[in-house]
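Just so it is clear, none of the values below were taken in a lab; they were calculated from the coordinates. This is a predicted model, so every value here is computed, not measured. All Cβ positions, even for glycine, are placed from backbone atoms using ideal geometry, and neighbour counts span all protein chains on display.
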Amino acid sequence: MKSPLRILLLEDDAHDAELVRELLEADHLACEVVRAQTRAEFLGALESGGIDLILADYQLPSFDGLSALKLALSERPDVPFIFVSGTLGEEVAIEALKIGATDYVLKTRLSRLVPSVQRALREARDRAERKNAEEALRRSEMYLAEAQRVSRTGSFGWNFSSGEIYWSEETYRIFECEPTIKPTVQLVIDRAHPDDRMHLRQIIDRAATERREFAAEHRLMMDNGSVKHVRIVAHPSTEGDPEGVVFVGAVIDITERKRAEEERERLLELEADLARMNRVSMMGELAASLAHEIKQPMAAAAINADACTRWLRSEPPGVAEAREAAAAVAAAVMRAAAIIDRVSSLYRRGAPERELVDVNEIIRGLTVLLGDRANRSSISIRAELTPGLPRTTADRVQLQQVLMNLMLNGIEAMQDTGGELTVASKRSEDGQLLISVSDLGHGISIDEAKRIFEAFFTTKPKGTGMGLSICRRIISSHGGSIWASPNTGRGATFQFTLPPT
Ligand SMILES: Nc1ncnc2c1ncn2[C@@H]1O[C@H](COP(=O)(O)OP(=O)(O)O)[C@@H](O)[C@H]1O
Ligand SMILES: [Mg+2]
């Protein structure tokens, strides 16, 4: 059920008031009449609100209709106001309508009251609806403009029959044009980067002839010489102009995205460079170990070769001894070759290769290779390897790189003090391969522990800060994880997991 009409009736004559009410009710207008006789009563009723309609006499003992009208217009401009009076002269009536009264009804012709009230209410309702619609439209336009701004997406319409182009505020902003300028196809092309103009022209021409949707990315050249990247998408639409085809589309400023992409690419390249450098500096370390490792079998080979020659020269030649010495030469050379083999696997470059890898074997190899480097700093390397561990599918060279980074870090942490580096392998409780590298060095603070895996984080004067970030990348690409923790005593422990095969 509709709630009853609330009518504010300014009327001093009780009889007339009753008459008005009866008239309205006779026409089935459910209404609730609030009667006022003075200014104070009238204002009070206005202020308490909820009034749908005002009916007012023109002359009252202590108040007058025209003042009431002005008051109503300032307080409740939307509420229809109808004069109901016996004394309203034509001039006054016209004056009242001019000021803003909705209508007037003479008490001598009260039959007009109901139609007048109904018309006033209808009009008020239409006005309210229009206002709501306008408000909704205004709001949605505001949201749209705001959304366009935050997403850096402008919109446009291009009418083929009239040639007219519409730009949204954001489109103007992207093209950096004054909103008073009329957009044209030429302007769009002039704004494009000189190198992109031809291409853009082709795209626009094709769109115009084929009237098919299109998308393009090109650069804009701004007045100050700066360059923007935009993406344009549009499709033909018959909405908004039933006569002709309108291209409706969006211009998206993708400059920042492009820049971020370029930045990321540069960082990746830099990272790759540093990873290569990291490998190269590791190779330097290895070359030193290698030289040392190989010296010993080479010396043995030389001594034995010498002995062999001497046995052969002696009279009679000591053939059996010479044979033995020659065999010793061969054995020493084989040993040297084995060492070189082990190292040369580290030099291999190229695409990562996955194969079945025994982590214990890698650890053993590195223990030997870094043994000399560790010795020079009075550091011993201990391997605590669990026998019979399952193998893992991995890139051997990359795993060597991880272990070498961790072991070299451990050695560097004990550089000045000496100590012991422990490398251990086992199976974790959840079945993963778990490898740990522990040192007795200066250790890591809680604060550092959070940041050491970040690229470029280093506390060393000649550090690159890439070692651990490379380790993390390699381990996670193998489906494992890596973490660091301070030891309860001295030093730090680095651990990583790998999935078993
Ligand atoms: N075993 C360790 N003991 C103490 N600090 C370490 C250890 N390993 C790494 N760090 C810390 O982590 C930092 C980053 O290591 P890393 O990424 O290998 O780069 P870099 O060795 O070039 O500094 C080191 O500078 C050091 O501060
Ligand atoms: Mg390092």
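One table, with the values for the structure above:
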quantity: The chain, relative contact order in percent, only Cα pairs under 8 angstrom and at least six apart counted; calculated: 7 percent
quantity: Around Val423: net Lys/Arg minus Asp/Glu count, Cβ-Cβ under 11 Å; calculated: -1
quantity: Long-range tail of P(r) for the chain (Cα pairs > 33 Å, %); calculated: 69 percent
quantity: Potential lengthening between Val280 and Val368 on full extension [0.36 nm per residue; Cα-Cα distance subtracted]; calculated: 29.8 nm
quantity: Residue-span extension gain [Ala124 to Leu312] - 0.36 nm each, minus C-alpha spacing; calculated: 54.9 nm
quantity: Listed residues Ser378, Ala307, Gln202: farthest to the positive end of the dipole of the chain (Cβ charges); calculated: Ala307
quantity: Mean ellipticity per residue at 222 nm, deg cm²/dmol - from DSSP H runs of n ≥ 4 across the chain, formula -39500 (n - 2.57); calculated: -17000 deg cm²/dmol
quantity: Helix axis angle, 113-151 relative to the chain longest principal axis, alpha carbon, degrees; calculated: 20 degrees
quantity: The range 99-172 and the range 284-338: distance between their alpha carbon centers, rounded to Å; calculated: 102 Å
quantity: Residues Ala133 and Asp78, FRET efficiency given R0 of 22 Å [Cβ-Cβ distance, rounded to 0.05]; calculated: 0.90
quantity: Tilt relative to the chain, helix 467-477 - C-alpha long axis, 0 to 90 degrees, to 10; calculated: 70 degrees
quantity: Order of Phe247, Phe214 - criterion: other Cβ atoms within 10 Å of each residue's Cβ, fewest first; calculated: Phe214, Phe247
quantity: Difference of contour (0.36 nm per residue) and Cα-Cα distance, Thr393 to Asp12; calculated: 127.1 nm
quantity: The range 26-94: chymotrypsin sites (Phe, Trp or Tyr not before Pro) in DSSP loop, at most 12 other beta carbons within 10 Å; calculated: none
quantity: The chain, dipole about Cα centre (Lys/Arg Cβ +1, Asp/Glu Cβ -1), debye to the nearest 20; calculated: 2880 debye
quantity: Three-way shape call for the range 5-130 based on the alpha-carbon gyration tensor, with the a/c threshold at 1.5; calculated: rounded
quantity: Point-to-point label distance, Glu90-Glu217, nm (Cα→Cβ direction, 7 Å offset); calculated: 7.7 nm
quantity: Separation between Cα centres of the range 76-93 and the range 1-50, rounded to whole Å; calculated: 15 Å
quantity: Calculated FRET efficiency for the pair Glu178/Leu268, C-beta based, R₀ 45 Å, to 0.05; calculated: 0.65
quantity: Rounded to whole Å, sorted largest first: equivalent-ellipsoid semi-axes of the range 6-54, Cα gyration tensor; calculated: 19, 14, 5
quantity: Cβ-based charge dipole, the chain, positive-most Cα from Ala413, Ser469, Gly318; calculated: Gly318
quantity: Lysines with Cα under 29 Å of Lys462, excluding same-chain neighbours fewer than 8 positions away; calculated: Lys450
quantity: Pairwise label distance in nanometres, Ile340 with Ser140, each label 7 Å out on the Cα-Cβ vector; calculated: 8.0 nm
quantity: Trypsin sites (Lys or Arg not before Pro) restricted to the range 368-414 and DSSP loop, no more than 12 other C-beta within 10 Å; calculated: none
quantity: Neighbour-count order for Lys462, Lys295, fewest beta carbons within 10 angstrom listed first; calculated: Lys462, Lys295
quantity: Degrees between helix 65-75 axis and first principal axis of the chain (Cα, 0 to 90, nearest 10); calculated: 0 degrees
quantity: Cα gyration tensor, the range 55-129 - rounded (a/c under 1.5), prolate or oblate; calculated: oblate
quantity: Footprinting exposure proxy for Glu429, Glu263 (fewest neighbouring C-beta atoms within 10 Å first); calculated: Glu429, Glu263
